[in-house]
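Notes follow the structure.
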Amino acid sequence: MVGVSTALALQERGVSAALIDRGDPAAQSSSGNAGIIQAEAAEPYAMPRSLGQLAAIASGRSNAVAWQATALPAMLRPLWGYFRNSAPSRHRRIAQTYVKLTSRATADHAPWIADAGSEHLIKRKGFVHAFRDERELGVAASRAERLARDYGVRFSALDGRALCESEPGLKQRMAGAIHWIDAWTCTDPGALVASYVSLFRSRGGQVLHGNAMTLARDADFWHVQENSGDRVTSKQAVIAMGMRSAELCKRFGLKVPLFPKRGYHLHLPAENGPRIPFVDVASSAVFAPMAGGLRVLTGAEIARDGSKTRPVQLERARRAAKELFEVGEPVEHEPWVGVRPCMPDMLPMIGEIPGQKGLWANFGHGHQGFTLGPTTASLLAGAMIDGIAVEQPLLPIRLLIRAGSP
Ligand SMILES: Cc1cc2nc3c(=O)[nH]c(=O)nc-3n(C[C@H](O)[C@H](O)[C@H](O)COP(=O)(O)OP(=O)(O)OC[C@H]3O[C@@H](n4cnc5c(N)ncnc54)[C@H](O)[C@@H]3O)c2cc1C
(Lines give C-alpha, C1' and ligand atoms only; values in the text may rest on other atoms or scores of the structure.)
Protein backbone atom coordinates (compact mmCIF):
# COMPACT_ATOMS: atom_id res chain seq x y z
CA MET A 1 0.00 0.00 0.00
CA VAL A 2 2.76 2.43 0.92
CA GLY A 3 4.88 1.78 -2.18
CA VAL A 4 2.11 2.11 -4.76
CA SER A 5 0.62 5.10 -2.93
CA THR A 6 4.01 6.82 -3.10
CA ALA A 7 4.22 6.10 -6.83
CA LEU A 8 0.70 7.45 -7.41
CA ALA A 9 1.26 10.59 -5.33
CA LEU A 10 4.48 11.41 -7.19
CA GLN A 11 2.83 10.72 -10.54
CA GLU A 12 -0.02 13.08 -9.66
CA ARG A 13 2.58 15.80 -9.13
CA GLY A 14 3.86 15.29 -12.65
CA VAL A 15 6.80 13.02 -11.84
CA SER A 16 7.61 10.11 -14.12
CA ALA A 17 7.83 7.33 -11.53
CA ALA A 18 8.61 3.60 -11.58
CA LEU A 19 7.43 1.18 -8.90
CA ILE A 20 9.98 -1.58 -8.38
CA ASP A 21 9.05 -4.67 -6.40
CA ARG A 22 10.78 -8.00 -6.07
CA GLY A 23 7.42 -9.76 -6.46
CA ASP A 24 3.75 -8.87 -6.76
CA PRO A 25 3.44 -5.36 -5.28
CA ALA A 26 -0.02 -6.19 -3.92
CA ALA A 27 0.78 -9.43 -2.15
CA GLN A 28 2.53 -8.76 1.16
CA SER A 29 1.24 -7.39 4.47
CA SER A 30 -0.99 -4.92 2.66
CA SER A 31 -3.06 -7.79 1.27
CA GLY A 32 -3.62 -9.92 4.37
CA ASN A 33 -4.69 -7.32 6.89
CA ALA A 34 -8.14 -6.56 8.32
CA GLY A 35 -8.86 -4.04 5.57
CA ILE A 36 -9.96 -1.26 7.91
CA ILE A 37 -9.20 2.32 6.85
CA GLN A 38 -8.99 3.53 10.40
CA ALA A 39 -10.12 7.14 10.39
CA GLU A 40 -11.00 6.63 14.07
CA ALA A 41 -7.42 5.71 15.09
CA ALA A 42 -6.54 9.10 16.56
CA GLU A 43 -4.03 7.46 18.87
CA PRO A 44 -1.53 4.80 17.77
CA TYR A 45 -1.41 1.45 19.56
CA ALA A 46 0.48 1.93 22.81
CA MET A 47 2.34 -0.87 24.53
CA PRO A 48 0.45 -2.21 27.55
CA ARG A 49 2.15 -0.85 30.68
CA SER A 50 0.19 -2.13 33.66
CA LEU A 51 1.78 -4.92 35.67
CA GLY A 52 -1.29 -7.10 35.19
CA GLN A 53 -1.18 -6.75 31.39
CA LEU A 54 2.59 -7.30 31.27
CA ALA A 55 2.28 -10.40 33.47
CA ALA A 56 -0.46 -11.78 31.19
CA ILE A 57 1.79 -11.24 28.16
CA ALA A 58 4.86 -12.71 29.86
CA SER A 59 2.97 -15.84 30.95
CA GLY A 60 1.30 -16.35 27.55
CA ARG A 61 -2.22 -15.75 28.92
CA SER A 62 -2.78 -12.68 26.78
CA ASN A 63 -4.07 -13.27 23.28
CA ALA A 64 -3.37 -9.64 22.34
CA VAL A 65 0.40 -10.07 22.38
CA ALA A 66 2.48 -13.24 22.08
CA TRP A 67 6.25 -13.48 21.89
CA GLN A 68 9.02 -15.79 20.82
CA ALA A 69 12.06 -15.85 23.10
CA THR A 70 14.50 -15.95 20.15
CA ALA A 71 13.23 -12.55 19.02
CA LEU A 72 13.85 -10.74 22.28
CA PRO A 73 17.61 -10.08 22.31
CA ALA A 74 17.52 -8.18 19.01
CA MET A 75 14.30 -6.36 19.91
CA LEU A 76 14.99 -5.32 23.47
CA ARG A 77 16.09 -1.82 22.52
CA PRO A 78 13.18 -0.93 20.23
CA LEU A 79 10.74 -2.54 22.67
CA TRP A 80 12.18 -0.48 25.51
CA GLY A 81 11.75 2.66 23.37
CA TYR A 82 8.18 1.60 22.59
CA PHE A 83 7.51 1.06 26.31
CA ARG A 84 8.84 4.53 27.19
CA ASN A 85 6.94 6.24 24.38
CA SER A 86 3.76 4.53 25.55
CA ALA A 87 3.84 6.48 28.83
CA PRO A 88 0.66 8.61 28.91
CA SER A 89 2.35 12.01 28.51
CA ARG A 90 4.54 10.95 25.56
CA HIS A 91 1.72 8.99 23.97
CA ARG A 92 -0.52 12.06 24.12
CA ARG A 93 2.15 14.13 22.34
CA ILE A 94 2.62 11.48 19.66
CA ALA A 95 -1.14 11.31 19.15
CA GLN A 96 -1.15 15.05 18.35
CA THR A 97 0.83 14.15 15.21
CA TYR A 98 -0.83 10.83 14.56
CA VAL A 99 -4.36 12.18 14.48
CA LYS A 100 -3.40 14.61 11.72
CA LEU A 101 -2.60 11.56 9.58
CA THR A 102 -5.48 9.21 10.39
CA SER A 103 -8.17 11.90 10.33
CA ARG A 104 -7.53 12.57 6.64
CA ALA A 105 -6.97 8.93 5.62
CA THR A 106 -10.40 8.23 4.09
CA ALA A 107 -10.30 11.53 2.17
CA ASP A 108 -6.86 10.59 0.81
CA HIS A 109 -8.05 7.14 -0.32
CA ALA A 110 -11.34 8.41 -1.80
CA PRO A 111 -10.19 9.74 -5.21
CA TRP A 112 -8.03 6.68 -5.91
CA ILE A 113 -10.82 4.29 -4.91
CA ALA A 114 -13.07 6.10 -7.40
CA ASP A 115 -10.48 6.40 -10.19
CA ALA A 116 -9.41 2.77 -9.77
CA GLY A 117 -13.05 1.62 -10.09
CA SER A 118 -12.88 -0.03 -6.66
CA GLU A 119 -16.02 1.31 -4.99
CA HIS A 120 -17.38 -2.26 -4.86
CA LEU A 121 -14.58 -3.19 -2.42
CA ILE A 122 -15.38 -0.45 0.09
CA LYS A 123 -18.03 -0.23 2.80
CA ARG A 124 -18.61 2.98 4.69
CA LYS A 125 -20.31 1.50 7.74
CA GLY A 126 -17.47 1.50 10.26
CA PHE A 127 -16.57 -1.42 12.53
CA VAL A 128 -17.17 -2.47 16.12
CA HIS A 129 -15.15 -3.26 19.22
CA ALA A 130 -17.41 -5.76 21.01
CA PHE A 131 -17.16 -6.54 24.73
CA ARG A 132 -18.25 -9.54 26.76
CA ASP A 133 -17.66 -7.75 30.06
CA GLU A 134 -19.78 -4.78 31.28
CA ARG A 135 -16.91 -3.18 33.17
CA GLU A 136 -14.59 -3.28 30.15
CA LEU A 137 -17.36 -1.84 27.99
CA GLY A 138 -17.70 1.04 30.46
CA VAL A 139 -13.96 1.76 30.31
CA ALA A 140 -14.05 1.66 26.48
CA ALA A 141 -17.06 3.98 26.39
CA SER A 142 -15.21 6.53 28.56
CA ARG A 143 -12.21 6.33 26.25
CA ALA A 144 -14.43 6.76 23.18
CA GLU A 145 -15.98 9.86 24.77
CA ARG A 146 -12.50 11.26 25.37
CA LEU A 147 -11.52 10.61 21.73
CA ALA A 148 -14.72 12.29 20.58
CA ARG A 149 -14.03 15.30 22.80
CA ASP A 150 -10.31 15.64 22.05
CA TYR A 151 -10.18 14.66 18.38
CA GLY A 152 -13.74 14.69 17.03
CA VAL A 153 -13.82 10.90 16.50
CA ARG A 154 -17.42 9.75 16.01
CA PHE A 155 -18.83 6.62 17.64
CA SER A 156 -22.01 5.15 18.96
CA ALA A 157 -22.25 2.99 22.08
CA LEU A 158 -24.38 -0.14 21.66
CA ASP A 159 -25.81 -2.14 24.54
CA GLY A 160 -26.15 -5.92 24.28
CA ARG A 161 -29.58 -5.73 22.64
CA ALA A 162 -28.57 -3.11 20.09
CA LEU A 163 -25.49 -5.17 19.20
CA CYS A 164 -27.66 -8.28 18.63
CA GLU A 165 -29.98 -6.22 16.42
CA SER A 166 -27.12 -4.89 14.30
CA GLU A 167 -25.42 -8.31 14.17
CA PRO A 168 -28.24 -10.85 14.01
CA GLY A 169 -25.75 -13.67 13.42
CA LEU A 170 -24.38 -13.35 16.97
CA LYS A 171 -24.95 -16.60 18.87
CA GLN A 172 -24.70 -15.10 22.33
CA ARG A 173 -25.65 -11.89 24.05
CA MET A 174 -22.59 -9.71 24.73
CA ALA A 175 -22.27 -6.72 27.04
CA GLY A 176 -22.25 -4.31 24.09
CA ALA A 177 -19.96 -2.54 21.64
CA ILE A 178 -18.40 0.69 20.50
CA HIS A 179 -19.27 1.32 16.88
CA TRP A 180 -16.65 3.49 15.14
CA ILE A 181 -18.63 5.27 12.50
CA ASP A 182 -15.97 7.05 10.44
CA ALA A 183 -13.83 4.05 9.48
CA TRP A 184 -14.18 2.52 6.03
CA THR A 185 -13.64 -1.16 5.44
CA CYS A 186 -12.44 -3.14 2.46
CA THR A 187 -13.65 -6.61 1.49
CA ASP A 188 -10.41 -7.49 -0.31
CA PRO A 189 -7.36 -5.42 0.71
CA GLY A 190 -5.08 -7.14 -1.84
CA ALA A 191 -7.53 -6.30 -4.64
CA LEU A 192 -7.61 -2.65 -3.56
CA VAL A 193 -3.80 -2.42 -3.63
CA ALA A 194 -3.77 -4.22 -7.01
CA SER A 195 -6.32 -1.71 -8.34
CA TYR A 196 -4.05 1.16 -7.23
CA VAL A 197 -1.17 -0.54 -9.09
CA SER A 198 -3.37 -0.78 -12.22
CA LEU A 199 -4.35 2.87 -11.84
CA PHE A 200 -0.68 3.88 -11.64
CA ARG A 201 0.04 1.81 -14.75
CA SER A 202 -2.95 3.19 -16.65
CA ARG A 203 -1.63 6.70 -16.04
CA GLY A 204 1.67 5.80 -17.64
CA GLY A 205 3.60 4.52 -14.59
CA GLN A 206 6.04 1.65 -14.93
CA VAL A 207 5.79 -1.40 -12.68
CA LEU A 208 9.10 -3.26 -12.72
CA HIS A 209 10.52 -6.33 -11.04
CA GLY A 210 13.84 -6.14 -9.27
CA ASN A 211 15.60 -6.43 -5.95
CA ALA A 212 15.75 -3.06 -4.23
CA MET A 213 18.77 -4.26 -2.27
CA THR A 214 20.74 -3.54 -5.46
CA LEU A 215 20.15 0.19 -4.93
CA ALA A 216 23.39 2.06 -5.42
CA ARG A 217 24.51 5.62 -5.93
CA ASP A 218 26.56 6.95 -8.79
CA ALA A 219 27.34 10.67 -8.42
CA ASP A 220 23.91 12.38 -8.43
CA PHE A 221 21.95 9.33 -9.56
CA TRP A 222 20.39 6.29 -7.89
CA HIS A 223 20.30 2.94 -9.70
CA VAL A 224 18.38 -0.30 -9.15
CA GLN A 225 18.94 -3.51 -11.04
CA GLU A 226 15.84 -4.99 -12.67
CA ASN A 227 15.46 -8.79 -12.83
CA SER A 228 15.83 -8.47 -16.60
CA GLY A 229 19.34 -7.13 -16.03
CA ASP A 230 18.44 -3.55 -17.05
CA ARG A 231 19.24 -0.68 -14.72
CA VAL A 232 16.65 1.88 -13.60
CA THR A 233 18.21 5.28 -13.00
CA SER A 234 16.75 8.29 -11.24
CA LYS A 235 17.78 11.39 -9.32
CA GLN A 236 15.45 10.43 -6.49
CA ALA A 237 14.51 7.11 -4.92
CA VAL A 238 12.06 6.19 -2.14
CA ILE A 239 12.51 3.22 0.17
CA ALA A 240 9.00 1.86 0.86
CA MET A 241 9.62 -1.84 1.48
CA GLY A 242 7.67 -2.33 4.71
CA MET A 243 9.64 -4.38 7.22
CA ARG A 244 12.56 -4.86 4.81
CA SER A 245 13.22 -1.12 4.63
CA ALA A 246 15.53 -1.07 7.66
CA GLU A 247 17.96 -3.48 6.00
CA LEU A 248 18.38 -1.18 3.02
CA CYS A 249 18.65 1.97 5.15
CA LYS A 250 21.48 0.35 7.09
CA ARG A 251 23.49 0.14 3.88
CA PHE A 252 23.27 3.91 3.62
CA GLY A 253 24.37 4.55 7.17
CA LEU A 254 20.98 4.89 8.84
CA LYS A 255 20.19 2.43 11.62
CA VAL A 256 16.42 2.38 12.01
CA PRO A 257 14.89 0.74 15.11
CA LEU A 258 12.10 -0.86 13.07
CA PHE A 259 10.62 -3.97 14.70
CA PRO A 260 8.01 -6.46 13.52
CA LYS A 261 4.69 -7.29 15.12
CA ARG A 262 3.48 -10.30 13.25
CA GLY A 263 -0.15 -11.24 12.70
CA TYR A 264 -2.00 -14.22 11.28
CA HIS A 265 -5.22 -14.82 9.43
CA LEU A 266 -7.34 -17.58 7.98
CA HIS A 267 -10.80 -17.62 6.42
CA LEU A 268 -13.85 -19.45 7.72
CA PRO A 269 -17.04 -19.95 5.76
CA ALA A 270 -19.80 -17.98 7.55
CA GLU A 271 -23.17 -17.44 5.90
CA ASN A 272 -24.51 -15.48 8.86
CA GLY A 273 -21.28 -13.91 10.14
CA PRO A 274 -20.77 -10.29 11.20
CA ARG A 275 -21.97 -7.67 8.71
CA ILE A 276 -19.09 -5.30 9.44
CA PRO A 277 -15.62 -6.04 10.90
CA PHE A 278 -16.03 -7.17 14.48
CA VAL A 279 -13.25 -6.95 17.08
CA ASP A 280 -13.86 -9.44 19.89
CA VAL A 281 -11.91 -7.61 22.57
CA ALA A 282 -11.82 -10.61 24.94
CA SER A 283 -9.85 -12.69 22.42
CA SER A 284 -8.12 -9.72 20.72
CA ALA A 285 -9.34 -11.16 17.43
CA VAL A 286 -10.84 -9.43 14.42
CA PHE A 287 -13.55 -11.12 12.35
CA ALA A 288 -13.76 -9.30 9.04
CA PRO A 289 -16.24 -10.25 6.31
CA MET A 290 -14.18 -10.57 3.15
CA ALA A 291 -14.51 -11.83 -0.40
CA GLY A 292 -12.79 -15.09 0.65
CA GLY A 293 -14.98 -15.76 3.72
CA LEU A 294 -14.86 -14.52 7.29
CA ARG A 295 -11.25 -13.42 7.79
CA VAL A 296 -10.15 -14.21 11.36
CA LEU A 297 -7.10 -12.14 12.35
CA THR A 298 -4.89 -12.04 15.40
CA GLY A 299 -3.18 -9.44 17.57
CA ALA A 300 0.58 -9.03 17.65
CA GLU A 301 3.29 -11.65 17.88
CA ILE A 302 6.76 -10.41 18.74
CA ALA A 303 8.80 -12.69 16.52
CA ARG A 304 11.63 -12.26 14.07
CA ASP A 305 10.40 -11.52 10.54
CA GLY A 306 10.64 -14.81 8.65
CA SER A 307 11.01 -17.02 11.76
CA LYS A 308 8.96 -20.19 12.28
CA THR A 309 5.24 -19.50 12.65
CA ARG A 310 3.42 -20.38 15.88
CA PRO A 311 -0.27 -19.71 15.31
CA VAL A 312 -1.39 -20.16 18.95
CA GLN A 313 -3.22 -16.82 18.92
CA LEU A 314 -4.97 -17.81 15.70
CA GLU A 315 -6.27 -21.02 17.20
CA ARG A 316 -7.73 -19.07 20.13
CA ALA A 317 -9.19 -16.51 17.70
CA ARG A 318 -10.80 -19.30 15.68
CA ARG A 319 -12.35 -20.77 18.84
CA ALA A 320 -13.70 -17.32 19.74
CA ALA A 321 -15.22 -16.93 16.26
CA LYS A 322 -16.92 -20.30 16.72
CA GLU A 323 -18.37 -19.24 20.06
CA LEU A 324 -19.84 -16.05 18.63
CA PHE A 325 -20.90 -16.95 15.07
CA GLU A 326 -21.92 -19.99 13.03
CA VAL A 327 -18.69 -20.73 11.15
CA GLY A 328 -17.28 -23.65 9.17
CA GLU A 329 -13.82 -25.16 9.01
CA PRO A 330 -10.85 -23.09 7.73
CA VAL A 331 -10.64 -22.60 3.98
CA GLU A 332 -6.81 -22.71 3.99
CA HIS A 333 -4.48 -25.50 5.10
CA GLU A 334 -1.83 -23.04 6.29
CA PRO A 335 -2.51 -19.68 7.92
CA TRP A 336 -1.37 -16.45 6.29
CA VAL A 337 1.27 -14.55 8.25
CA GLY A 338 2.18 -10.91 7.78
CA VAL A 339 3.88 -8.15 9.66
CA ARG A 340 3.17 -4.72 11.05
CA PRO A 341 6.42 -2.74 10.56
CA CYS A 342 6.60 -0.77 13.82
CA MET A 343 8.64 2.16 15.12
CA PRO A 344 9.29 2.67 18.84
CA ASP A 345 7.60 6.07 18.68
CA MET A 346 4.63 4.70 16.71
CA LEU A 347 5.09 7.20 13.87
CA PRO A 348 6.03 6.31 10.30
CA MET A 349 9.42 7.31 8.91
CA ILE A 350 8.89 9.92 6.22
CA GLY A 351 11.62 12.11 4.82
CA GLU A 352 15.03 12.35 3.22
CA ILE A 353 17.74 10.11 4.62
CA PRO A 354 20.43 12.25 6.24
CA GLY A 355 23.57 12.57 4.13
CA GLN A 356 21.98 10.75 1.15
CA LYS A 357 20.71 13.41 -1.21
CA GLY A 358 17.70 12.21 -3.18
CA LEU A 359 17.10 9.09 -1.06
CA TRP A 360 13.81 9.15 0.81
CA ALA A 361 11.97 6.95 3.30
CA ASN A 362 8.31 6.05 3.62
CA PHE A 363 7.81 3.05 5.93
CA GLY A 364 7.15 2.01 9.52
CA HIS A 365 3.36 2.40 9.49
CA GLY A 366 2.81 -0.23 12.20
CA HIS A 367 -0.82 -1.16 12.79
CA GLN A 368 -2.16 1.30 10.24
CA GLY A 369 -0.24 1.06 6.96
CA PHE A 370 -3.30 0.11 4.94
CA THR A 371 -4.98 3.22 6.32
CA LEU A 372 -2.08 5.62 5.97
CA GLY A 373 -0.44 4.71 2.63
CA PRO A 374 -2.06 7.51 0.59
CA THR A 375 -1.65 10.06 3.41
CA THR A 376 2.07 9.65 4.06
CA ALA A 377 2.62 9.34 0.29
CA SER A 378 1.02 12.71 -0.21
CA LEU A 379 3.14 14.27 2.58
CA LEU A 380 6.31 12.73 1.20
CA ALA A 381 5.55 13.84 -2.37
CA GLY A 382 4.90 17.34 -1.02
CA ALA A 383 8.31 17.34 0.66
CA MET A 384 10.10 15.87 -2.39
CA ILE A 385 8.53 17.94 -5.13
CA ASP A 386 7.31 21.13 -3.52
CA GLY A 387 9.74 21.23 -0.59
CA ILE A 388 6.83 21.59 1.83
CA ALA A 389 8.20 21.75 5.34
CA VAL A 390 6.96 19.17 7.78
CA GLU A 391 6.74 19.24 11.53
CA GLN A 392 9.77 19.24 13.79
CA PRO A 393 10.68 15.99 15.52
CA LEU A 394 8.94 15.36 18.80
CA LEU A 395 11.32 12.82 20.20
CA PRO A 396 15.09 12.49 20.00
CA ILE A 397 15.00 8.93 18.65
CA ARG A 398 13.74 10.09 15.27
CA LEU A 399 16.32 11.17 12.73
CA LEU A 400 14.14 12.00 9.77
CA ILE A 401 11.66 14.64 8.90
CA ARG A 402 8.39 13.93 10.60
CA ALA A 403 4.95 13.72 9.07
CA GLY A 404 2.04 15.68 10.34
CA SER A 405 1.72 19.00 8.60
CA PRO A 406 -1.85 19.59 7.51
C1 LIG B 1 -2.94 -9.19 11.00
C2 LIG B 1 -2.79 -7.75 10.52
C3 LIG B 1 -3.91 -6.93 10.43
C4 LIG B 1 -3.78 -5.60 10.01
N5 LIG B 1 -4.90 -4.82 9.88
C6 LIG B 1 -4.78 -3.55 9.40
C7 LIG B 1 -5.94 -2.75 9.20
O8 LIG B 1 -7.08 -3.18 9.36
N9 LIG B 1 -5.76 -1.46 8.78
C10 LIG B 1 -4.53 -0.95 8.56
O11 LIG B 1 -4.42 0.23 8.23
N12 LIG B 1 -3.41 -1.71 8.70
C13 LIG B 1 -3.51 -2.99 9.12
N14 LIG B 1 -2.39 -3.75 9.29
C15 LIG B 1 -1.07 -3.16 9.06
C16 LIG B 1 -0.77 -3.06 7.58
O17 LIG B 1 -1.05 -4.28 6.93
C18 LIG B 1 0.71 -2.69 7.36
O19 LIG B 1 1.03 -1.55 8.12
C20 LIG B 1 0.94 -2.38 5.89
O21 LIG B 1 0.55 -3.45 5.09
C22 LIG B 1 2.39 -2.02 5.60
O23 LIG B 1 2.44 -1.68 4.23
P24 LIG B 1 3.79 -1.54 3.46
O25 LIG B 1 3.46 -1.16 2.07
O26 LIG B 1 4.73 -0.70 4.24
O27 LIG B 1 4.42 -3.03 3.50
P28 LIG B 1 4.09 -4.33 2.63
O29 LIG B 1 2.65 -4.43 2.29
O30 LIG B 1 4.69 -5.48 3.37
O31 LIG B 1 4.85 -4.10 1.29
C32 LIG B 1 6.26 -4.12 1.20
C33 LIG B 1 6.62 -4.34 -0.24
O34 LIG B 1 8.05 -4.26 -0.36
C35 LIG B 1 8.46 -5.27 -1.27
N36 LIG B 1 9.87 -5.62 -1.01
C37 LIG B 1 10.39 -6.11 0.14
N38 LIG B 1 11.71 -6.35 -0.03
C39 LIG B 1 12.01 -5.97 -1.30
C40 LIG B 1 13.21 -5.97 -2.07
N41 LIG B 1 14.37 -6.40 -1.58
N42 LIG B 1 13.15 -5.50 -3.33
C43 LIG B 1 11.99 -5.05 -3.88
N44 LIG B 1 10.82 -5.05 -3.19
C45 LIG B 1 10.83 -5.50 -1.92
C46 LIG B 1 7.52 -6.44 -0.98
O47 LIG B 1 7.48 -7.35 -2.07
C48 LIG B 1 6.20 -5.72 -0.76
O49 LIG B 1 5.46 -5.58 -1.95
C50 LIG B 1 -2.49 -5.09 9.69
C51 LIG B 1 -1.38 -5.92 9.74
C52 LIG B 1 -1.52 -7.25 10.13
C53 LIG B 1 -0.31 -8.14 10.16
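Yes or no: the stretch 45-53 includes at least one residue that is in contact with a strand residue (DSSP E or B) (Cβ under 9 Å, 6 or more places away or on another chain), of a type outside the set (Ser, Thr, Tyr) and within 30 Å of Met213 (Cβ to Cβ). No; the residues of the stretch 45-53 include none that is in contact with a strand residue (DSSP E or B) (Cβ under 9 Å, 6 or more places away or on another chain), of a type outside the set (Ser, Thr, Tyr) and within 30 Å of Met213 (Cβ to Cβ).
Have a look at Asp150, Asp108 and point out the one that is among the acidic types (Asp, Glu), modelled with pLDDT of 95 or more, buried (at least 19 other Cβ atoms within 10 Å of the Cβ) and under 25 Å from Phe370 (Cβ atoms). Criteria check complete, one pass: Asp108. Look at the stretch 351-376: where a residue is touching a residue at least 40 places away in the same chain (Cβ under 8 Å) and within 20 Å of Phe259 (Cβ to Cβ) and a partner is within 11 Å of the ligand (Cβ to nearest atom) and of a type in the set (Lys, Arg), sitting 6+ places away or on another chain with Cβ atoms under 7 Å, you get Gly366/Arg340; His367/Arg340. Scanning the stretch 243-284 for residues that are in contact with a His (Cβ under 8 Å, 6 or more places away or on another chain) and among the small types (Gly, Ala, Ser) gives no hits.
When Asp188, Asp150, Asp133 are screened for being charged (D, E, K, R) and within 24 Å of Ala110 (Cβ to Cβ), only Asp188 passes.
Exactly one residue among Gln38, Gln68 is under 22 Å from the mean Cα position of the chain (by Cα) and closer than 26 Å to Glu145 by Cα, and that residue is Gln38. Each residue in the stretch 360-382 was checked for being aliphatic (A, V, I, L, M) and under 16 Å from Gln38 (Cβ atoms), and 1 of them qualify.
Considering (1) closer than 13 Å to Pro341 by Cα; (2) crowded, with 24+ Cβ neighbours inside 10 Å; (3) away from the ligand (no atom under 12 Å from the Cβ), the lone condition that Arg262 does not fulfil carries the number (3). Please work out if Gly169 is away from the ligand (no atom under 16 Å from the Cβ), in a helix (DSSP H, G or I) and small (Gly, Ala, Ser). Here the answer is no, as Gly169 does not meet what is asked. Of the residues Val286, Val197, Val281, the single one that is touching a Pro at 6+ places or on another chain (Cβ under 7 Å), crowded, with 20+ Cβ neighbours inside 10 Å and closer than 30 Å to Gly160 by Cα is Val286. Return yes when Val207 is in contact with a helix residue (DSSP H, G or I) (Cβ under 7 Å, 6 or more places away or on another chain), closer than 30 Å to Thr6 by Cα and assigned to a strand (DSSP E or B) and no when it is not. Taking the combined requirement at face value, the residue satisfies it. Where strands (runs of 3 or more DSSP E) sit wholly within the stretch 332-406, those with at least 1 residues that are at pLDDT below 90 occupy 349-352. Looking only at residues of the stretch 226-243 that are in contact (Cβ under 8 Å) with a residue 12 or more places away in the chain and in a strand (DSSP E or B), we find that the one that is farthest from the ligand (Cβ to nearest atom) is Thr233. Among the residues of the stretch 255-283, those that are touching a strand residue (DSSP E or B) at 6+ places or on another chain (Cβ under 8 Å) and not in a strand (DSSP E or B) comprise Val256, Leu258, Pro269, Ala270, Gly273, Pro274, Arg275, Ile276, Pro277, Val281, Ala282.
Filtering Leu192, Leu208 for residues that are touching a Cys at 6+ places or on another chain (Cβ under 7 Å) and under 30 Å from Phe259 (Cα atoms) leaves a single hit, Leu192.
The values are calculated or read from the model by the stated rules, or taken from the named source; none is laboratory data. Because the structure is predicted, anything quoted here is derived from the model rather than measured. Please note: Cβ atoms are built from the backbone with ideal geometry, for glycine as well, and neighbour counts cover all protein chains shown.
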